[in-house]
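Q: This is the structure I have questions about; it appears just below.
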Amino acid sequence: MIEVTDMHAYYGKSHILQGVTMNVQEGEIVALLGRNGVGRSTTCKAIMGEVIPHGSVKFKGQEIAGKKAYEVANLGIGYVPENRDIFPGLTTRQNLTLGLKPGQKDGSGRWSMESMFEMFENLKRRADVEASVLSGGEQQMLTMCRTLMGDPEFVMIDEPTEGLSPQMVQKVAEVLKEIAKRGISTLLVEQKLAIAMDIADRVYVMGHGHVVFEGTPAELKDREDVRKEWLEV
Ligand SMILES: Nc1ncnc2c1ncn2[C@@H]1O[C@H](COP(=O)(O)OP(=O)(O)OP(=O)(O)O)[C@@H](O)[C@H]1O
Ligand SMILES: [Mg+2]
């Protein structure tokens with residue numbers, strides 16, 4: 001689905017990504033773990049074209065490095081950034097509508113607004129109120145749902161459980177499983193092992209701009225050295 005090979009990225013003169021190689025296959029949930037500042041969000045932004053990627057980024061066999069962010073989105077890649085960037089003055093419903101691609105009608109993709117409201121009682125109850133009054137967890141849900149409205153085939157979700165209550169974390173885990181069930185490939189960015197170990201098919205650990213471990217959650221469990229050096233504080 002997505003194949004990243006020797007990807008580099010820069011902010012000004014800072015060489016942030018130093019040869020990231022990774023892939024996500026069809027229907028897989030892959031976790032990208034690592035401490036603060038190692039370049040997990042930059043990896044997503046570079047795949048998305050929000051930051052210029054040097055190296056190769058292939059989506060369904062097609063080279064997309066060099067494409068603009070909106071072109072990448074239109075090809076079927078979604079990105080849920082770590083800051084919950086809802087439009088606070090708009091209603092929940094209006095926020096969801098903004099997730100549709102140009103020319104896309106509600107209900108033509110895998111997710112309709114109605115089906116989202118069925119999955120998320122909270123959002124349904126607040127469908128017609130300003131998004132600014134939603135709780136942090138509900139705003140996280142809304143951000144995720146808005147990206148799904150655009151019917152991506154591959155979605156990157158950046159720290160969706162950050163700052164959420166244990167119940168909301170559970171809810172997010174359920175959504176991620178539902179996404180996988182519908183055949184969508186997911187790159188889940190997290191700092192802690194938490195839900196990643198339960199729901200991911202494979203795990204990458206990043207340290208200082210490149211991948212330092214690749215394996216299954218079970219394999220990572222056995223690698224205390226990797227966890228000590230690159231994950232635990
Ligand atoms: N817009 C920017 N301009 C300059 N440097 C940046 C910018 N964004 C991030 N960086 C730097 O790039 C490095 C990687 O940042 P990135 O956001 O990818 O990390 P991360 O792994 O997502 O961690 P976290 O989300 O905890 O910050 C960090 O050292 C960060 O300070
Ligand atoms: Mg980040």
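The values are calculated or read from the model by the stated rules, or taken from the named source; none is laboratory data. All values derive from a computational prediction rather than experimental measurement. Heads up, the Cβs are rebuilt from the backbone with ideal geometry, glycines too, and the neighbour counts pull from every protein chain shown.
Q: Taking strands (runs of 3 or more DSSP E) that do not extend beyond the range 124-208, which have at least 1 residues that are touching a strand residue (DSSP E or B) at 6+ places or on another chain (Cβ under 7 Å), surrounded by 15 or more Cβ atoms within 10 Å (Cβ to Cβ) and among the hydroxyl-bearing types (Ser, Thr, Tyr)?
A: Answer list for the range 124-208: 185-190, 202-207.
Q: Looking at Ala65, Ala46, can you tell me which residue is crowded, with 17+ Cβ neighbours inside 10 Å, assigned to a loop (DSSP other than H, G, I, E, B), among the small types (Gly, Ala, Ser) and in contact with a strand residue (DSSP E or B) (Cβ under 7 Å, 6 or more places away or on another chain)?
A: Ala65
Q: I'm trying to understand the selection: among the residues of the range 149-174, which are touching a residue at least 60 places away in the same chain (Cβ under 8 Å) and more than 13 Å from ligand 2 (Cβ to nearest atom)?
A: Once the filter is applied, which keeps residues that are touching a residue at least 60 places away in the same chain (Cβ under 8 Å) and more than 13 Å from ligand 2 (Cβ to nearest atom), the range 149-174 yields Gly150, Asp151, Pro152, Glu153, Phe154, Val155.
Q: Follow-up question, since we're still on this one. Please indicate, with yes or no, whether at least one residue in the range 183-194 is modelled with pLDDT under 95 and in contact with a Ser or Thr (Cβ under 6 Å, 6 or more places away or on another chain).
A: No - not one qualifying residue is present in the range 183-194.
Q: Could you tell me which numbered condition Asn36 fails, if it satisfies all but one of (1) surrounded by 14 or more Cβ atoms within 10 Å (Cβ to Cβ); (2) within 14 Å of ligand 1 (Cβ to nearest atom)?
A: The number of the failed condition is (1).
Q: For the range 10-56, which residues satisfy the criterion of being more than 13 Å from ligand 2 (Cβ to nearest atom), of a type in the set (A, V, I, L, M) and in contact with a Lys or Arg (Cβ under 9 Å, 6 or more places away or on another chain)?
A: Selection gives Val24, Ile29, Val30, Ala31.
Q: Let me ask another. Consider Asp222 against the criteria (1) in contact with a helix residue (DSSP H, G or I) (Cβ under 7 Å, 6 or more places away or on another chain); (2) over 24 Å from Gly150 (Cα atoms): it satisfies all of them except one. Which criterion is unmet?
A: (1)
Q: Moving to a separate point now. Residue by residue through the range 12-22, note down the ones that are within 25 Å of Pro217 (Cβ to Cβ) and either within 16 Å of ligand 1 (Cβ to nearest atom) or within 14 Å of the chain's Cα centre (by Cα) (or both).
A: Within the range 12-22, Leu17, Gly19, Val20, Met22 qualify.
Q: Same structure again: Could you list, ordered by first residue, the pairs with Cβ atoms under 9 Å in which the first is in the range 127-141 and without any contact (Cβ under 8 Å) to a residue 60 or more places away in the chain and the second is assigned to a strand (DSSP E or B), at least 6 apart or interchain?
A: What qualifies is Ala127/Thr91; Asp128/Thr91; Val129/Thr91; Glu130/Thr91; Ala131/Thr91; Gln140/Val80.
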